[in-house]
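The values are calculated or read from the model by the stated rules, or taken from the named source; none is laboratory data. None of these values were measured; they are calculated from a predicted model. When we count neighbours, we look across all protein chains shown, and the Cβ atoms used for this are built from the backbone with ideal geometry, even at glycine.
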């Protein structure tokens, strides 16, 4: 299987969604945002004002959605620098390329990860092949990994899913047993050992040792706090008018460390509500984000129960009436509140008969 993986490819929805779900973060240094936090924060090192960050964001969004080229981005870069009087480090050509290529490649990688981890995709292609970009001056480790076909669920991909550094153009393609046969292999390759003396990961630059797509889709958002009332109101408006993607979500309740451990959630992961849920259910039941947040907190305090089929639900009393609150742990360990609705007596009895999810 072969494909052209250049950053100039036509955009696709998952890559655009990944970028548009980020929050703008002004910074003084490139060290202000590190690792997996990049999957939820848009920043340009040294861009310290909201307006400056917003202008750069608009140009990257345009590049992803409309296919703006690097040369076009450089022209926009010049306009933004002049408009804000920004004194940036590095030569103009180099600096614009770094901003453009890093954001484009990371968004593309996250979008591809979202596609490749669909259950139906993994059922057909259970392996991923690492492909070197063919750069004239390659990183030795990246070149040595070229052609390695490793299980898609190997921890290697949590750290070394490309891009693995500034300017890295490596990419991943899916593979199956027939691909292994063509490569003369009777089993997938063993993942390289990334450990190195002094810390860090071999072959992976500082702040690139994470998987952009996994960090985007998982329940863990580094440094995130529960949403405030104002944030809930703003998210609800954006969900209804469609200015955020359907898969965007907001943290509304803390399940606690014990429940996180039982459900296999990442440290600090919150219960979340998606824009799609709010969009669908407001029309049906007039339930907004604040309503979901209060119901989720009450349900987690009461204790959630698991059905024989693995469904997660709780029965709570809201305004004197029994309600069912539904939860779902996604394949990427995101913990979503999926529904809050009036429960019939049979539903109450059924759910209360399921065992509590305990530590």
Checking the condition more than 30 Å from residue 93 (Cα to Cα), part of a helix (DSSP H, G or I) and touching a helix residue (DSSP H, G or I) at 6+ places or on another chain (Cβ under 9 Å), which residue from 153, 179, 158 passes? 158
The residue that is nearest to the chain's Cα centre (by Cα), considering only those in the range 199-208 that are surrounded by fewer than 21 Cβ atoms within 10 Å (Cβ to Cβ) and modelled with pLDDT of 90 or more, is 207
Checked against (1) touching a residue at least 60 places away in the same chain (Cβ under 8 Å); (2) under 23 Å from residue 232 (Cα atoms), residue 299 satisfies every condition except (1)
Only one of 163, 155 that is touching a residue at least 24 places away in the same chain (Cβ under 8 Å) and surrounded by fewer than 21 Cβ atoms within 10 Å (Cβ to Cβ): 155
Here are some residues: 247, 221, 214, 237. Which one is closer than 30 Å to residue 280 by Cα and without any contact (Cβ under 8 Å) to a residue 24 or more places away in the chain? 237
Consider residue 175 carefully, then state whether it is at pLDDT 95 or above and crowded, with 17+ Cβ neighbours inside 10 Å. yes
Would you check if there is a residue in the range 104-111 being without any contact (Cβ under 8 Å) to a residue 60 or more places away in the chain, surrounded by fewer than 23 Cβ atoms within 10 Å (Cβ to Cβ) and within 21 Å of the chain's Cα centre (by Cα)? no
Among the residues of the range 124-150, which ones are farther than 20 Å from residue 110 by Cβ, part of a loop (DSSP other than H, G, I, E, B) and in contact with a strand residue (DSSP E or B) (Cβ under 8 Å, 6 or more places away or on another chain)? 126, 146, 147, 148
Restricted to the range 209-243 and to residues being modelled with pLDDT of 85 or more, in a loop (DSSP other than H, G, I, E, B) and in contact with a helix residue (DSSP H, G or I) (Cβ under 9 Å, 6 or more places away or on another chain), the residue surrounded by the fewest Cβ atoms within 10 Å (Cβ to Cβ) is 226
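This table checks each residue for (1) farther than 11 Å from residue 253 by Cα; (2) part of a strand (DSSP E or B).
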position	(1), (2)
273	no, yes
277	yes, no
280	yes, no
297	no, no
308	yes, no
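A quick yes/no check of all residues on (1) over 22 Å from residue 224 (Cβ atoms); (2) buried (at least 20 other Cβ atoms within 10 Å of the Cβ):
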residue	(1), (2)
267	no, no
283	yes, no
292	no, yes
297	no, no
315	yes, yes
323	yes, yes
331	no, no
Just one of the numbered conditions (1) surrounded by fewer than 21 Cβ atoms within 10 Å (Cβ to Cβ); (2) more than 29 Å from residue 105 (Cβ to Cβ) is not true of residue 185; which one? (2)
Hits in the range 59-93 (condition: within 22 Å of the chain's Cα centre (by Cα) and surrounded by fewer than 12 Cβ atoms within 10 Å (Cβ to Cβ)): 66
If I filter the range 324-340 for residues that are over 34 Å from the mean Cα position of the chain (by Cα), assigned to a strand (DSSP E or B), more than 27 Å from residue 122 (Cβ to Cβ) and in the same structural domain as residue 285 (by TED's automatic domain parsing), do I get at least one hit? no
